[in-house]
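As structure tokens, the structure follows; a few thoughts come after it.
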């Protein structure tokens, strides 16, 4: 009989391998461009021995403090029912908030961080694939003119295969990423052996002395150092797929050592040959390995891009569940894995944005200026939200955690400030994109709130309808299910039905779908059924923000409460609103944005998986 402990260890090891291909793709490709950026561009410093050692020291300690300590050791402890990511943390912070005002502040910060995440999701594929393909110009200089077209071609292919799902290729991600990290470590070790003096940079005094002697240059250097941290947020965002323990195991056993060895190997190369700063990553490789390395790097960056694209899908799904985006068409690409989704509208918008970035910036160095601001802003908000949750908790470690988070926040604020120096070189892009997305997210939330308020004023209270005399109309065979966003009010679709058809069904079900602030709801707690009057039922169907609302499946669970529905004798009535500009609380320009978003929203029938031939949709006008 197999030892259960060995089975557990085997499971953790397998999850750690899988995590390598999803969680660490972004941060794992940072050596392609991070170290080089410290010494190139208009803000680059001179690659002298002192500067190289100070830069390596800053790289080592930044990764140690921000990733190894903050994310891997501290932030992974703050999950929302096993799920991570800034929106999951926002939902957790809202749940523990002690006042509505604090909850509103927490949610506002989290939503802005989510908006910045989309900026990161667009820049990552562009900079990652560009930096990998740029190796062609090192191996064969006459191919330099083909770098941008090849990059665009790879990105188009990557986005086009999204509709087929990642299930088939996902199993190769982990092994390829293992080969990638082993290659990083091997190249680094080979270079360090030639110049072991580079290991002096492990001493933090090199970075501290540089900051004291040349504070202006050190401040600018931070924006390049921060590039080694991009992808750190993915450790937390993707923890729900694998759990904290496998993510930690993969980081400490392979990812972190490989990254450190490669950065120090690049530093050792530049100490020997300062001209190698043009592209220290590819110049680390022996000639015979250069072209295979370009291919391996391209695979690694495609994997990193895939993880970011998938993250954008997941973020969109969570934002929809929490009421910050309209219903969108979501396709599931796996029969067994619910998390494997494809959102066509998000996919094609991202493809257009990524191609525009590549054609506009044309090099990974130019894009690096735009990269850091979005990620550093998200990291600061994650720290603040974590501190907010810790502040409301109890325990011995509370004060220590708050002190540590304050230190992390101070460091990340310095990184963010340094990245702001590149605002004019492209750093404005993620900020503008984040502001636009924040406007869209909050406009949808505010617009839906105002629509709900207006319906409260004009719709009939449910209590009065049930307790009063029911309409004197014929009753027909079957069950009518009316979807309602406000269970205290009679759905407008019922009044339209009475007005046009002048009949009611034998059984009327008022269904309210509740989006919970937890990832998933068990079937035991899925539905709650009450019967306030003969033939009339109220049903609450609960879904977590990581779930797909499947109304027929939820209603099937109502049988244990005495409500058995015959599928072919059930009709679903839904209302679809048309927004009309008027003297409301929403400015005209924002009302137009909300109306446009309403038109893009997927119909209730498709979104809630209602049988297409059993849905009656009735339109209503709403004046804002």
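Laboratory data are not the source of any read-out in this text; all were calculated from the coordinates shown. Everything numeric here is computed off the predicted structure, so don't read it as measured data. As a convention, Cβ positions derive from the backbone with ideal geometry for all residues, glycine included, and neighbour counts pool all protein chains shown.
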>> Given R₀ = 51 Å, what would the calculated FRET efficiency be for residue 578 paired with residue 289, taking r from the Cβ atoms and rounding to 0.05?
In response: 0.25
> Computed on alpha carbon atoms, what radius of gyration and Dmax characterise the stretch 459-623, expressed in Å?
Replying inline: 16.7, 49
> By how many degrees, 0 to 90 and rounded to 10, does the Cα axis of helix 49-62 deviate from the longest principal axis of the chain?
Replying inline: 30 degrees
> In 5 Å bins starting at 0, how do the alpha-carbon pair distances of the stretch 383-535 split up by percent?
Replying inline: 2, 6, 9, 11, 10, 10, 10, 9, 7, 7, 6, 5, 4, 2, 0
> Given labels modelled 7 Å from the Cα in the Cβ direction, how far is it in nm from residue 421 to residue 195?
Replying inline: 2.3 nm
> At residue 463 and residue 217, where each label point lies 7 Å from the Cα along Cα→Cβ, what is the point-to-point distance in nanometres?
Replying inline: 7.4 nm
>> If R₀ is 25 angstrom, what is the calculated FRET efficiency for the pair residue 391 and residue 414, using the beta carbon separation as r and rounding to 0.05?
In response: 0.65
>> Can you sort 371, 33 from fewest to most other Cβ atoms within 10 Å of each residue's own Cβ?
In response: 33, 371
>> Using a 10 Å cut-off around each Cβ, can you sort 316, 386, 448 from fewest to most neighbouring Cβ atoms?
In response: 448, 316, 386
>> What translational diffusion coefficient, to the nearest whole µm²/s, does the stretch 74-205 have by Stokes-Einstein, given a Kirkwood radius computed over alpha-carbon pairs, a temperature of 4 °C and 1.567 mPa s viscosity?
In response: 66 µm²/s
>> How large are Rg and Dmax for the stretch 473-512 when calculated on the C-alpha trace, in angstrom?
In response: 10.0, 27
> Taking the Cα atoms only, what angle lies between the long axis of helix 364-392 and the longest principal axis of the chain, rounded to 10 degrees?
Replying inline: 60 degrees
> Name the residues of the stretch 225-250 whose amide N is less than 19 Å from a point 7 angstrom out from the Cα of residue 520 along the C-beta direction?
Replying inline: 237-247
>> Taking 0.36 nm per residue of sequence separation and subtracting the Cα-Cα distance, how much length would be gained by fully extending the chain between residue 588 and residue 454, in nm to one decimal?
In response: 46.5 nm
> Got a sec? How would 350, 379 order by Cβ neighbour count within 10 Å, fewest to most?
Replying inline: 350, 379
>> How big is the chain along each principal axis, measuring the range of its Cα positions in Å and listing the largest first?
In response: 93, 69, 56
>> Under a crude label model (7 Å from the Cα following the beta-carbon direction), how far is residue 566 from residue 146 in nanometres?
In response: 6.8 nm
>> Contact order normalised by length for the stretch 455-567, with contacts defined as Cα pairs under 8 Å and 6 or more residues apart; what percent is it?
In response: 22 percent
>> Can you tell me the orientation of helix 215-225 relative to the chain, as the angle in degrees between its alpha-carbon axis and the longest Cα principal axis, to the nearest 10?
In response: 60 degrees
